[in-house]
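Contents: one structure, followed by commentary.
The values are calculated or read from the model by the stated rules, or taken from the named source; none is laboratory data. Quick caveat: nothing in here was measured; it's all calculated off a predicted structure. So basically every Cβ, Gly included, is an ideal-geometry build from the backbone, and we count neighbours across all protein chains shown.
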């Protein structure tokens, strides 16, 4: 009985966090803010939903599957957010006036003005 109540609370909190992530995707002004909203509360919401499902189901096979889903979500969401943020910054889609600290200002990469050098000291093909 107590585990069912805790599972229900986890499911409701997880659903509310995922809902807030969806609302933030629509309401936030720029790409980097939206990217933050798509990763942070969504992952925590999913983990709470998975915890609630695990407490409700109480089966080893289901628990193992839920743990694998949680591990893959926590491994892929930050990497995907980093790649989207980096691509947005490089393509000029990020609003730099909203950045508090611009750590990439001096290291902005562009394919046209930097040469890619391969191991033997020659330029890579197509550069």
Query raised in the report: Would you pick out the residues in segment 43-58 that are closer than 15 Å to residue 76 by Cα and crowded, with 18+ Cβ neighbours inside 10 Å?
Result: 43, 46, 47
Report task. Out of 54, 63, report the one residue that is touching a residue at least 12 places away in the same chain (Cβ under 8 Å) and in a helix (DSSP H, G or I). Result -> 54
Report task. Among the residues of segment 23-44, count how many are free of Cβ contacts under 8 Å to residues at least 12 places away in the same chain and more than 13 Å from the chain's Cα centre (by Cα). Result -> 4
Requested in this report: Determine, yes or no, whether residue 69 is modelled with pLDDT of 55 or more and outside any helix (DSSP H, G or I).
Outcome: no
